[in-house]
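Peer 1: The following block contains the structure, expressed as structure tokens.
The values are calculated or read from the model by the stated rules, or taken from the named source; none is laboratory data. All figures in this text were calculated on a predicted structure; none of them were measured in a lab. All Cβ positions, glycine included, derive from the backbone under ideal geometry; neighbour counts span all protein chains shown. For accessibility, only protein heavy atoms count, side chains too; no ligands or nucleic acids. Shrake-Rupley method; radii C 1.70, N 1.55, O 1.52, S 1.80 Å.
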Amino acid sequence: MESRFAPNDLDASKWENIEPFLNSLKQRRINSTNCIEDLIRDESQLSEIVSETRAKAYINMTSQTDNQEYQKAWRDFVENIQPKLSEYNDIINKKIINNDFVENLPERYDIMIKGIKSDIKIFREENIPLQTRLSILSTKYNEIRGKQTVFFEGEEKTLPMMAIYQESNDREIRESAWRATTSRILKDEEEISNIFEEMIKLRNQIAINSGFSGFQEYMFAAMHRFDYSIDDCLEFHDSIEYSCMPLKHQMNDLRKEKLELDKLRPWDTSVDIDGKKPLKPFFDADELINGCSRIFHSMSKELGDFFDLLKENNCLDLESRKGKAPGGYQYYLQKSRMPFIFMNATGTQRNLETMIHEAGHAFHSFYSGHLDLISERDAPIEFAEVASMSMELLTHPYWEEFYEKEDAERARIKHLKGIIQFMPWMATIDSFQNWIYKNPNHTRSERVEKWLEIQEIFGSKIDYDGINKEGENLEKIIEISWQLQGHLFGAPFYYVEYGIAQLGALQLWKFHKENNINALRLYKNGLSLGYTKGLTELFAASGLKMSFSKDHVSKLIREVSDQLQDVSTN
Ligand SMILES: [Zn+2]
């Protein structure tokens, strides 16, 4: 058996425990390609342990934003360990690259070396404190959002809990829920704007320090976006405007007509247009887990068994509760080789989709778990989201596990319509960020103007006219609704990935409708490669084409609208 460089029980929450191992790596002599391979392997093994410590601190921090001890442990990691780690990381990166033997490394390391070269290019020591400050600001944003609760119908409710009322068939309830939620959100508007503005300054400075013209270009290098450019993203936005916007407007016109409204208000966008009760796929987390387990077992024994492992190993934290950070994520525990899923379930159809989505990420982790190195078990985000978003579509035929036939059909329609609605939102966020960081010195009013201008292209035609009651300024929400998109704070530029991945997911869905076994084989083919291949090659390994052209995007969106047509004429 191969001996391990760092002991498995190393407590990586303390810097003094990690440092000696990093020093030993730093002092290695590189006399051959073997030496480089040993260095890479040992560093990877240490990284597994550190990564898992970080994961656990993150999970604790998000699961109880009101637990001071957890908040402190997370801050400690972010402020005291992460900065020193990135310093060492750069030193070791340079050790791997700056020697005579790196050219002779086997092909297996090509992708990794490409990434390391990009990391070296962007790394500057003076950026470390700036990045630390950004992490702190991002945590602050989460804290503010986590504390947002509303007193409604005699109880204190979280915002995810409040979202359910938007599906109520009683328009008055929808309206008062919307008013309560919106005025609560607006209370923090100023503080969040301040956080964002400080972030923009810091990010711009980081980019300048690293020799880039702006944060956009910096992030393309930082996120290892080697297979597409900023211009490709702009082409993608145009393709979305062309293919999705007519459908989106049609859908909203139909909504207004069916609900017999003279004005479509912000509280009319989620309710069922045929006056049916909101979809209620499950009541508690157990029901959600058991239903999903049955679905994945129906698809394949392998996927079913993967999913059951999550439950057996206590890797699911699903129910919404006060103090829990918003959103959902899958975090792979690199040492244990187990995925962990976090979400805020309250019993909605959207929650079911999130559960399936995160399960897709977990399958990716399982499928790439056999790979040796931590960097190989990673994946480019654009492809990681294919794993999760395609799973949402591939499970369509099995949603009867949660519904009677008629409701399952409604849920599928809702999900498909959601895709058509989402692509313009993705383009909105991506265009907004492109503009924000291209114009880092903009004023608040210029930002509002730009946001409204983008909404004009990609938004829904919602009527806010005369919406304010006495003393209210709820209309302001239109100007600051970007604040609800957490990615802008915690993961800048991480958004176009969802659009790129959706294009992959729609192709896999088409394959699955034609031949489900073959589609799952293609799914596994790509996922099992982890990050041992580049983005375009990973797409290809799953039989997927990567293109942002009008032609390609329209063809895939037509697949969705045809299916919607099919369902509604049945
Ligand atoms: Zn995802």
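Peer 1: Just read off the accessible area of Glu319 with the full protein assembly in place, 1.4 Å probe, to the nearest 10 Å².
Peer 2: Here the residue's solvent-accessible area equals roughly 90 Å².
Peer 1: Placing unit charges on C-beta atoms (Lys and Arg positive, Asp and Glu negative, everything else neutral), compute the dipole magnitude of the range 15-123 about its Cα centre in debye, rounded to 20.
Peer 2: On the way: 15 positive and 19 negative charges, 43 e Å.
Rounded to the nearest 20 debye, it is 200 debye.
Peer 1: If you don't mind, there's one more thing I want to ask. Using a 1.4 angstrom probe on heavy atoms only, work out the carbon and sulfur share of the accessible area of the range 15-123 in %.
Peer 2: Details: 2370 of 5370 Å².
Ligands and nucleic acids excluded, carbon and sulfur reach 44 percent.
Peer 1: Right, next: Give me the net charge for the shell around Gly146: Cβ to Cβ below 12 angstrom, other residues only, Lys and Arg +1, Asp and Glu -1. Before the final figure, lay out the partial values.
Peer 2: Numbers: positive: Lys140, Arg145, Lys147, Arg321, Lys322, Lys324; negative: Asp66, Glu143, Asp188.
Summing Lys and Arg as +1 and Asp and Glu as -1 gives +3.
Peer 1: Which percent, to the nearest 5, of DSSP beta bridges fully inside the chain are antiparallel? Walk me through the numbers on the way to the answer.
Peer 2: On the way: 9 of 12 bridges.
The antiparallel fraction comes to roughly 75 percent.
Peer 1: Classify the range 160-213 as rounded, prolate or oblate from the Cα gyration tensor: take a ≥ b ≥ c as the square roots of its eigenvalues, call it rounded if a/c is under 1.5, otherwise prolate when a/b beats b/c and oblate if not. Working shown, then result.
Peer 2: Values: a/c = 6.03, a/b = 3.25, b/c = 1.85.
Verdict is prolate for the range 160-213.
Peer 1: Also: So how much accessible area does Glu537 have, in Å² to the nearest 10, using a 1.4 Å probe?
Peer 2: Here the accessible area works out near 100 Å².
Peer 1: Here's a follow-up. Just going by the charge dipole of the range 321-377, with Lys and Arg at +1 and Asp and Glu at -1 on Cβ, which of Tyr367, Gly323, Met355 is farthest out on the positive end?
Peer 2: Gly323
Peer 1: Helix 444-458 versus the longest principal axis of the chain: what is the Cα-based angle in degrees, 0 to 90, to the nearest 10?
Peer 2: Around 70 degrees separate the two axes.
Peer 1: With +1 assigned to the C-beta of every Lys and Arg and -1 to the C-beta of every Asp and Glu, and no other charges, what is the dipole magnitude of the chain about the Cα centre in debye, to the nearest 20? Walk me through the intermediate numbers first.
Peer 2: Numbers: 71 positive and 93 negative charges, 92 e Å.
Result for the chain is approximately 440 debye, rounded to the nearest 20.
Peer 1: Enumerate the calculated ³J(HN,Hα) couplings along the range 18-24 in order (Karplus 6.51 cos²θ - 1.76 cosθ + 1.60, θ = phi - 60°), each rounded to whole Hz, writing x wherever the residue is Gly or Pro.
Peer 2: 7, 3, x, 5, 5, 4, 5
Peer 1: Sort 474-483, 93-102 by packing, meaning the average of other beta carbons within 10 Å per residue, with the highest value first. Each step should come with its number before you reach the end.
Peer 2: On the way: 474-483: 18.1, 93-102: 15.8.
Ranked by mean Cβ neighbours within 10 Å, highest first: 474-483, 93-102.
Peer 1: Rounded, prolate or oblate: which fits the range 138-281, taking a ≥ b ≥ c as square roots of the Cα gyration tensor eigenvalues, rounded meaning a/c under 1.5, else prolate when a/b beats b/c? If you can, show how the numbers build up before the last one.
Peer 2: Working: a/c = 3.03, a/b = 1.46, b/c = 2.08.
Since a/c reaches 1.5 but b/c is at least a/b, the shape of the range 138-281 is classed as oblate.
Peer 1: With just the Cα atoms defining each centre, how far is the range 271-327 from the range 66-125? Give it in Å.
Peer 2: Result: 35 Å between the Cα centres.
Peer 1: Per DSSP H run of at least 4 residues, take -39500 (n - 2.57); add these up for the chain, divide by its residues and hand me the 222 nm value, nearest 500 deg cm²/dmol. Don't jump to the answer; show the numbers that get you there.
Peer 2: On the way: 23 runs with 356 residues, N = 570.
After summing the helix terms and dividing by residue count, I get -20500 deg cm²/dmol.
Peer 1: I need the phi-derived Karplus couplings for the range 234-244: 6.51 cos²θ - 1.76 cosθ + 1.60, θ = phi - 60°, integer Hz, Gly and Pro marked x.
Peer 2: 5, 4, 4, 4, 4, 4, 5, 4, 5, 8, 9
Peer 1: Any idea of the accessible area per residue across the chain, 1.4 Å probe, to the nearest Å²?
Peer 2: On the way: 25070 Å² over 570 residues.
With all protein chains present, the chain gives 44 Å² per residue.
Peer 1: Ok, one more. Among 340-346, 25-31, how do they line up by average Cβ neighbours within 10 Å per residue, starting with the highest?
Peer 2: Values: 340-346: 21.4, 25-31: 13.3.
The densest-packed peptide leads the list: 340-346, 25-31.
Peer 1: Let me ask another. For every other residue with a beta carbon closer than 12 angstrom to the beta carbon of Arg124, add +1 if it is Lys or Arg and -1 if Asp or Glu, then tell me the sum.
Peer 2: My count for the surroundings of Arg124 gives -4.
Peer 1: Can you tell me the 0 to 90 degree angle between the C-alpha axis of helix 171-187 and the longest principal axis of the chain, rounded to 10?
Peer 2: 40 degrees
Peer 1: Across the range 28-37, in residue order, what do the Karplus-derived ³J(HN,Hα) couplings come to in whole Hz, using 6.51 cos²θ - 1.76 cosθ + 1.60 with θ = phi - 60° and x for Gly and Pro?
Peer 2: Rounded to whole hertz, the list is 4, 9, 9, 10, 6, 5, 4, 4, 5, 4.
Peer 1: Starting from the Cα gyration tensor of the range 507-546, take the square roots of the eigenvalues, sort them a ≥ b ≥ c, and report rounded, prolate or oblate (rounded when a/c is under 1.5, otherwise prolate if a/b is larger than b/c, else oblate).
Peer 2: Numbers: a/c = 3.80, a/b = 1.73, b/c = 2.19.
Verdict is oblate for the range 507-546.
Peer 1: Hey, what D do you get for the range 15-123 in µm²/s if you plug the Kirkwood alpha-carbon radius into Stokes-Einstein at 10 °C and 1.306 mPa s? Don't jump to the answer; show the numbers that get you there.
Peer 2: On the way: Rh = 15.4 Å.
D, rounded to a whole number, is 103 µm²/s.
Peer 1: Ignoring ligands, DNA and RNA, how do Glu198, Glu358 rank by accessible area with a 1.4 Å probe, largest first?
Peer 2: On the way: Glu198 65, Glu358 15 Å².
Result of the area sort, largest leading: Glu198, Glu358.
Peer 1: By per-residue mean of other Cβ atoms within 10 Å, what is the highest-first order of 49-61, 144-156? Present the calculation step by step, with values, prior to reporting the outcome.
Peer 2: Working: 49-61: 20.5, 144-156: 14.3.
Ranked by mean Cβ neighbours within 10 Å, highest first: 49-61, 144-156.
Peer 1: Please compute the alpha carbon radius of gyration of the range 226-268, then divide it by the globular-protein estimate 2.2 N^0.38 Å. Two decimals is fine.
Peer 2: Here the Cα radius of gyration is 1.72 times the empirical estimate.
Peer 1: Can you tell me the 0 to 90 degree angle between the C-alpha axis of helix 128-146 and the longest principal axis of the chain, rounded to 10?
Peer 2: That works out to roughly 30 degrees.
Peer 1: Which listed residue (Ala12, Ser135, Leu261) has the Cα farthest towards the positive end of the charge dipole for the chain, taking +1 on Lys and Arg C-beta and -1 on Asp and Glu C-beta about the Cα centre?
Peer 2: After comparing all options, I get Ala12.
Peer 1: Another one. Quick check on the chain: what does the Kirkwood estimate of hydrodynamic radius come out to from the alpha carbon pairs, in Å?
Peer 2: About 25.1 Å, per the Kirkwood formula over Cα pairs.
Peer 1: Rounded to the nearest whole Å³, what is the per residue volume of the convex hull around the Cα atoms of the range 418-479?
Peer 2: Working: hull volume 5.6 nm³, N = 62.
Here the figure is 90 Å³ per residue.
Peer 1: Scan around Met338 for amide H atoms under 5 Å from its own, H built in the peptide plane at 1.01 Å from N, and keep only partners 5 or more places away or cross-chain.
Peer 2: Placed amide hydrogens put Leu333 under 5 Å from Met338.
Peer 1: Tell me the relative contact order for the chain as a rounded percent, counting alpha carbon contacts under 8 Å between residues six or more apart. Walk me through the intermediate numbers first.
Peer 2: On the way: 690 pairs, mean separation 100.8, N = 570.
Computed value for the chain: 18 percent relative contact order.
Peer 1: Then there is this: Placing unit charges on C-beta atoms (Lys and Arg positive, Asp and Glu negative, everything else neutral), compute the dipole magnitude of the range 101-228 about its Cα centre in debye, rounded to 20. Could the numbers behind the result be given before it?
Peer 2: Details: 18 positive and 22 negative charges, 56 e Å.
Around 260 debye, computed over the range 101-228.
Peer 1: Identify, among Met245, Asn80, Phe511, the residue whose Cα sits farthest towards the positive end of the charge dipole of the chain, taking +1 on the Cβ of Lys and Arg and -1 on the Cβ of Asp and Glu, with the dipole about the Cα centre.
Peer 2: Asn80
Peer 1: Could you please state, rounded to a whole Å, how far the C-alpha centre of the range 489-556 is from the C-alpha centre of the range 233-250?
Peer 2: Answer, in whole Å: 19.
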